[in-house]
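**Student:** Quick one: the structure is below, and I'll ask about it shortly.
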Amino acid sequence: MKHSVETLIPVLGDQLTPDIASLKGANPETSVVLMMEVDEEATYVRHHKAKIAFILSAMRHHADRLRGLGWTVDYVRLDDADNAGSFTGEVARAVERHAPATICVTEPGEWRVRAAIDGWADKFDCLVEIVEDDRFVCSHASFDAWATDRKQLRMEYFYREMRRKTGLLMAGDKPEGGQWNYDAENRKPAQNDLLMPRPIAFRSDDITREVIALVADRFADHPGSLDQFEFAVTHEEAMRAQRHFLKSALPDFGTYQDAMLTGEPYLWHAVLSPYINAGLLDPIDLCRKVEAEYRAGRVPLNSAEGFIRQIIGWREYVRGIYWREGPDYAQRNFLNAKRDLPAFYWTGQTDMHCLSQAIGQTLDRAYAHHIQRLMITGNFALLIGADPHQVHLWYLEVYADAYEWVELPNTLGMSQFADGGLLGSKPYASSGAYIDRMSDYCRSCRYDVKQRVGPDACPFNALYWDFLARNRGKLGDNPRLSMPYRNWDRMEADTQNALIKQARGFLQSLD
Ligand SMILES: Cc1cc2nc3c(=O)[nH]c(=O)nc-3n(C[C@H](O)[C@H](O)[C@H](O)COP(=O)(O)OP(=O)(O)OC[C@H]3O[C@@H](n4cnc5c(N)ncnc54)[C@H](O)[C@@H]3O)c2cc1C
Ligand code: SF4
């Protein structure tokens, strides 16, 4: 076969950097970059409209950037008449057009796509090379080497290795300030503050406007709104968002990391995860800049360490778990939870104020911060015994930063304890008291957070005790739950029965 080009380089929608591994050694003179907008990727779950618009607009801008850097980009648009609708279908058409000697692709972020790419070598009459994604501190092999023979895979120990490996916030071979982790300083509730930082709201250009119209038309039945689309869609814009975060929000990021306030979706959070995950920002470079802010005396250690831990600790760790555990991880259901996720997860219409806030902003902006995801929507799903697979699909759908490698371990492992404690040492289950302590939500709720039974009682309270009682066979031995189980055992039988009755009545009302 006569080859027209040396290498065909498919660049996927979350590989939007010119430094992606597959482009590194390639020659722009003899290669063609293939970028594909395909229906299968937009619809294998019903992604939030703003998430699809963000990715498509960022892809189109990235294609222009690559062309500017001298690459030939063959770009397939969603509305192209002959669009085959899938990666494999589009690569097949591109192989016909370009007759490459080699297809070189950076590994994808999902088992589903990995399986499709693994099939290309048999389908196409050319070499297929899959290169490792090197945008992470920890390679698959390094994670396996760290995890092998450990009884427990605790993030904290992994994180220390990553600190040593990167040298971030190290004083010689010791952690800066003498401690590895300053989380204990990062649990303050916030007050409404007019001077609170706000992320930059980026104006849509012609490309984004065109994409928004396309998404509104084609994915009208997907959840979420496009009305408040304010994402950065280019590397330059994402860098502006990053600089803005470093200056305005990072100093108090740590202190208010777990806080929640009515009508305030962002607080001191970075709102950078969509850009980091899509490739518009380099996470390690970001961590170095965070460290530089600390070293310059502009940011306290608890904020700098807390932020760096999220990236080189949690983010790297969940990725390691995702690839190590394999495609079956998504099917785990340790607590045998079977309930359907309530319909209000797609509307936000519930009189539980905490849930309506967290879900409402999610539908409006495809964003909620970590504690809202973990302690409001995740906690509620856990307490009611929602099917963890359904919960996983919801998180994958509704967040602009959601790709399976990062979303699944966070949801199924950390939030729903469906892996039986592989990722977290105890379930993140709480009553209304935690939500009341960390937010102002309860003040304007129809329910009373102090009551446990009765028509006005906060549903989280009875659900919490019912969750513990219901799952005692599986959780009773967990040392980190010994205190709540002791408190449960100290209650009078009448109190226990009233709580269980209250919870079951509420669960029935959900059905
Ligand atoms: C149930 C559940 C589902 C989640 N799904 C996703 C997801 O699909 N995609 C995603 O990127 N994050 C996910 N997270 C982690 C976290 O909630 C988001 O990364 C964070 O809210 C993004 O907003 P931010 O940029 O303002 O983050 P910040 O709070 O400002 O944190 C800074 C950065 O740290 C990283 N980070 C923080 N926590 C985590 C974590 N637990 N895992 C991985 N990275 C982390 C992110 O890159 C983030 O941008 C999930 C958490 C939970 C509890
Ligand atoms: S009272 Fe209960 S339901 Fe209402 S906001 Fe507080 S925790 Fe949520």
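**Student:** Calculate, in nm to one decimal, what Glu236 and Lys174 gain on full extension: separation in residues at 0.36 nm each, minus their alpha carbon distance.
**Tutor:** So the chain would gain 18.7 nm between Glu236 and Lys174.
**Student:** Excluding residues fewer than 8 places away in the same chain, name every one of the aspartates and glutamates whose C-alpha is closer than 13 Å to that of Lys338.
**Tutor:** Hits, sequence-local ones excluded: Asp387, Asp511.
**Student:** At 1.4 Å probe size, with every protein chain present, just tell me what the per residue accessible area of the chain comes to in Å².
**Tutor:** 42 Å²
**Student:** Taking θ = phi - 60°, what integer Hz values does the Karplus form 6.51 cos²θ - 1.76 cosθ + 1.60 yield along segment 341-350, in sequence order, with x for Gly and Pro?
**Tutor:** Residue by residue, segment 341-350 yields 5, x, 4, 5, 5, 9, 10, x, 8, 8 Hz.
**Student:** Please find the FRET efficiency linking Asp118 to Glu492, where r is the Cβ-Cβ separation and R0 is fixed at 56 Å, and quote it to the nearest 0.05. Don't jump to the answer; show the numbers that get you there.
**Tutor:** Details: r = 59 Å, r/R0 = 1.06.
So the FRET efficiency works out to roughly 0.40.
**Student:** Okay, moving on. So what's the back-of-envelope 222 nm ellipticity for the chain, counting only DSSP H runs of four-plus at -39500 (n - 2.57) apiece and dividing by all residues, rounded to 500? Mind dumping the intermediate values first?
**Tutor:** Numbers: 24 runs with 226 residues, N = 511.
Dividing the helical sum by the residues of the chain leaves -12500 deg cm²/dmol.
**Student:** Moving on to the next point. May I ask for the angle, rounded to the nearest 10°, between helix 155-166 and the longest principal axis of the chain, with both axes built from Cα atoms and the value confined to 0 to 90°?
**Tutor:** Once rounded, one gets 40 degrees.
**Student:** Give me the angle, in degrees from 0 to 90, between the Cα long axis of helix 388-398 and the longest principal axis of the Cα atoms of the chain, rounded to the nearest 10.
**Tutor:** Computed tilt is about 60 degrees.
**Student:** Pick out, from Leu214, Cys442, Val137, the residue whose Cα sits farthest towards the positive end of the charge dipole of the chain, with +1 on the Cβ of Lys and Arg and -1 on the Cβ of Asp and Glu.
**Tutor:** Among Leu214, Cys442, Val137, the one farthest towards the positive end of the dipole of the chain is Cys442.
**Student:** Among Lys165/Lys426; Lys474/Lys501; Lys49/Lys151; Lys49/Lys247; Lys49/Lys501, which pairs are too far apart, with a Cα-Cα distance over 32 Å?
**Tutor:** Lys49/Lys151; Lys49/Lys501
**Student:** Search the structure for amide H atoms under 5 Å from the amide H of Ile103, placed 1.01 Å from N in the peptide plane, and list their residues when 5 or more places away or on another chain.
**Tutor:** Leu8, Leu127, Val128, Glu129
**Student:** Need one value: the accessible area of Ser431 in square angstrom, 1.4 angstrom probe, rounded to the nearest 10.
**Tutor:** Result for Ser431: roughly 30 Å² accessible.
**Student:** Compute the acute angle (0 to 90°) between the alpha-carbon long axis of helix 316-325 and the principal axis of greatest extent of the alpha-carbon atoms of the chain; round to the nearest 10°.
**Tutor:** 80 degrees
**Student:** Hey, another quick one. Considering only protein heavy atoms, with the full assembly of protein chains and a 1.4 angstrom probe, order Val398, Val453, Val128 by accessible area, largest first.
**Tutor:** Most to least solvent-accessible, the answer reads Val453, Val128, Val398.
**Student:** Which ³J(HN,Hα) values in Hz, rounded to whole numbers, follow from the phi angles of segment 399-414 under the Karplus curve 6.51 cos²θ - 1.76 cosθ + 1.60, where θ = phi - 60° and Gly and Pro get x?
**Tutor:** Using θ = phi - 60°, the values come out as 9, 5, 9, 8, 10, 4, 4, 9, 6, 4, x, 5, 7, 5, x, 5 Hz.
**Student:** Determine how large the accessible area of Asp489 is when every protein chain is in place; take a 1.4 Å probe and give Å² rounded to the nearest 10.
**Tutor:** Looks like 90 Å² after rounding.
**Student:** If the cut-off is a Cα-Cα distance under 22 Å, which lysines reach Lys123, setting aside same-chain residues fewer than 8 apart in sequence?
**Tutor:** Of all the lysines, those that pass the test against Lys123 - Cα under 22 Å, at least 8 places apart if same chain - are Lys2.
**Student:** Suppose we flag chymotrypsin sites (Phe, Trp or Tyr not before Pro) only when DSSP calls them loop and at most 16 other Cβ atoms lie within 10 Å. Which is the longest uninterrupted stretch of the chain?
**Tutor:** Looking at the chain, 45-427 is the longest stretch - no exposed chymotrypsin sites (Phe, Trp or Tyr not before Pro) with at most 16 other Cβ atoms within 10 Å.
**Student:** Just reorder Thr411, Thr495 by solvent-accessible area, largest first, 1.4 Å probe, all chains present.
**Tutor:** Thr495, Thr411
**Student:** Quick one: order Glu161, Glu6 from most to least accessible surface, probe 1.4 Å.
**Tutor:** Glu6, Glu161
**Student:** Give the long-range amide H neighbours of Met170: residues separated by 5 or more places, or on another chain, with amide H under 5 Å away, using H modelled in the peptide plane at 1.01 Å from N.
**Tutor:** Under 5 Å from the amide H of Met170: Glu176.
**Student:** Report in % the part of the accessible area of segment 327-420 that belongs to carbon and sulfur, leaving out ligands and nucleic acids; probe 1.4 Å.
**Tutor:** Taking all protein chains in place, segment 327-420 shows 48 percent carbon and sulfur surface.
**Student:** Still on this model: Only Lys, Arg, Asp and Glu count, each charged at its Cβ (+1, +1, -1, -1), so figure out the dipole size of the chain about its Cα centre, rounded to 20 debye. Could the numbers behind the result be given before it?
**Tutor:** Numbers: 59 positive and 72 negative charges, 383 e Å.
Its charge dipole is roughly 1840 debye.
**Student:** Okay, next question. What full-extension length gain, to one decimal in nm, is calculated for Ala141 and Leu194 as 0.36 nm per residue of separation minus the Cα-Cα distance?
**Tutor:** 14.3 nm
**Student:** Which residues make up the longest stretch of the chain clear of trypsin sites (Lys or Arg not before Pro) that lie in a DSSP loop with no more than 12 other Cβ atoms within 10 Å, not counting the sites?
**Tutor:** Maximal segment without exposed cleavage sites: 3-149.
**Student:** Calculate log10 I(q)/I(0) of the chain for q = 0.06, 0.12 Å⁻¹, where I(q) comes from the Debye formula with a single equal point scatterer on each Cα and nothing for solvent.
**Tutor:** -0.30, -1.18
**Student:** So for segment 1-138, taking the charge dipole from beta-carbon charges (+1 Lys/Arg, -1 Asp/Glu), which of Ala116, Val76, Ala53 sits furthest toward the positive end?
**Tutor:** Ala53
**Student:** Rounded to a whole number of µm²/s, how large is the Stokes-Einstein D of segment 429-502 at 4 °C and 1.567 mPa s, given Rh as the Kirkwood radius over C-alpha pairs?
**Tutor:** 100 µm²/s
**Student:** Using only Cα atoms, locate the centre of segment 206-258 and the centre of segment 98-129, then give the distance between them in Å, rounded to an integer.
**Tutor:** 31 Å
**Student:** Rounded to the nearest 10 Å², what accessible area does Cys126 show when all protein chains are kept and the probe is 1.4 Å?
**Tutor:** 20 Å²
**Student:** Suppose every K and R has +1 on its Cβ and every D and E has -1 on its Cβ; what is the size of the dipole of segment 204-363 about the Cα centre, in Debye to the nearest 20? Intermediate results must be reported in sequence, preceding the final value.
**Tutor:** Numbers: 16 positive and 22 negative charges, 125 e Å.
With Lys and Arg at +1 and Asp and Glu at -1, about 600 debye.
**Student:** Run the dipole for segment 132-176 about the Cα centre, Lys and Arg Cβ at +1, Asp and Glu Cβ at -1, nothing else charged, and hand back the magnitude in debye, nearest 20.
**Tutor:** 260 debye
**Student:** So who's got an amide H within less than 5 Å of the one on Leu34, skipping anything under 5 residues away but keeping other chains? H placed 1.01 Å off N, in plane.
**Tutor:** Here Ile9, Val11, Asp74 satisfy the definition.
The values are calculated or read from the model by the stated rules, or taken from the named source; none is laboratory data. A quick note: this is a predicted structure, and the numbers were derived from the prediction, not measured. FYI the Cβ positions are ideal-geometry reconstructions off the backbone, even for glycines, and counts take in every protein chain you see. Each accessible area value is taken on the protein alone, full model and side chains, heavy atoms only, with ligands, DNA and RNA left out. Shrake-Rupley method; radii C 1.70, N 1.55, O 1.52, S 1.80 Å.
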